[in-house]
Amino acid sequence: MQKEYILSGFGGQGLMLAGVLLSEAGILEGKNVSWIPSYGPEMRGGTANCAVVVSEEPIGSPIVDNPDTVIAMNLPSMDKFEPMIKKGGLMVFNSSLIKRAPKRDDLRYVAVPANEIAEALGSEKVANMVMLGAMLKADGWVTTGSLGKVIEKKMTGSKAKFVPLNLEAIKKGEEIAG
């Protein structure tokens, strides 16, 4: 079995990090993974997305044209990637920034007020972790337990103090999708 993901939004929303963490969680679970970033011309505020493939078998191609699952942090991302999702697939969208309903009726949707949740936790910077927690709960292919272990492993030194905040953000995302 193989799952293909696209995580998308504005530059600076932490989607590249979320994709790397998803990839490393998949590796921790013994799966094969690929991760490909894509950036707009701007450093911050431009478009950014990454494609992640997580598979039990060797990955034939890292290119994702028809993802199983999409995270859309903003409306341009929803507009761009919603038409590409496989029938029956999943879109997790940030209802803090996306104020319209999705267009397709053959997909599963999870609306996550990621910015509001992150602000309530004390840092808007963890909106990406809220979204990732919701996606992993709804998708079920990679576990949030593995994601938590990756975060604990990667956030060391001066960043170690942010581990509890990130883990709480993931938990809040799980609760929304639960």
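Readers should treat all values here as calculations from the given coordinates under stated rules, not as data from a laboratory. Not measured: the values here are computed from a predicted model. FYI the Cβ positions are ideal-geometry reconstructions off the backbone, even for glycines, and counts take in every protein chain you see.
Please determine, by comparing only the residues of region 100-114 that are in contact with a Gly (Cβ under 8 Å, 6 or more places away or on another chain) and free of Cβ contacts under 8 Å to residues at least 60 places away in the same chain, which one is nearest to F81 (Cα to Cα).
So in region 100-114, the residues in contact with a Gly (Cβ under 8 Å, 6 or more places away or on another chain) come out as 106-108, 112, 114.
Checking the rest, the ones that are also free of Cβ contacts under 8 Å to residues at least 60 places away in the same chain come to 106-108, 114.
Values: D106: 14, L107: 12, R108: 14, A114: 19 Å.
The selected residue is L107.
Which of the residues that make up region 1-29 are among the charged types (D, E, K, R) and either crowded, with 18+ Cβ neighbours inside 10 Å or over 9 Å from V54 (Cβ atoms) (or both)?
Hits for region 1-29 are K3, E4, E24.
Could you give every pair whose Cβ atoms fall below 6 Å, whose first residue belongs to region 49-61 and is of a type in the set (S, T, N, Q), and whose second residue is buried (at least 17 other Cβ atoms within 10 Å of the Cβ) and in a strand (DSSP E or B), counting only separations of at least 6 or pairs across chains?
Here the result reads N49/I6; N49/S8, each pair linking region 49-61 to a residue that is buried (at least 17 other Cβ atoms within 10 Å of the Cβ) and in a strand (DSSP E or B).
Out of all the residues in region 124-178, which are touching a strand residue (DSSP E or B) at 6+ places or on another chain (Cβ under 6 Å), assigned to a helix (DSSP H, G or I) and surrounded by fewer than 24 Cβ atoms within 10 Å (Cβ to Cβ)?
Answer for region 124-178, where residues must be touching a strand residue (DSSP E or B) at 6+ places or on another chain (Cβ under 6 Å), assigned to a helix (DSSP H, G or I) and surrounded by fewer than 24 Cβ atoms within 10 Å (Cβ to Cβ): A138, D139, I176, A177.
How many residues does region 1-37 hold that are closer than 16 Å to L132 by Cβ, of a type in the set (A, V, I, L, M) and either assigned to a loop (DSSP other than H, G, I, E, B) or touching a Lys or Arg at 6+ places or on another chain (Cβ under 8 Å) (or both)?
Of the residues in region 1-37, 3 are closer than 16 Å to L132 by Cβ, of a type in the set (A, V, I, L, M) and either assigned to a loop (DSSP other than H, G, I, E, B) or touching a Lys or Arg at 6+ places or on another chain (Cβ under 8 Å) (or both).
Kindly establish whether S61 is surrounded by fewer than 17 Cβ atoms within 10 Å (Cβ to Cβ), under 20 Å from S38 (Cβ atoms) and among the polar types (S, T, N, Q). Quick ask: steps written out before the conclusion?
Numbers: surrounded by fewer than 17 Cβ atoms within 10 Å (Cβ to Cβ): yes; under 20 Å from S38 (Cβ atoms): yes; among the polar types (S, T, N, Q): yes.
In short, yes.
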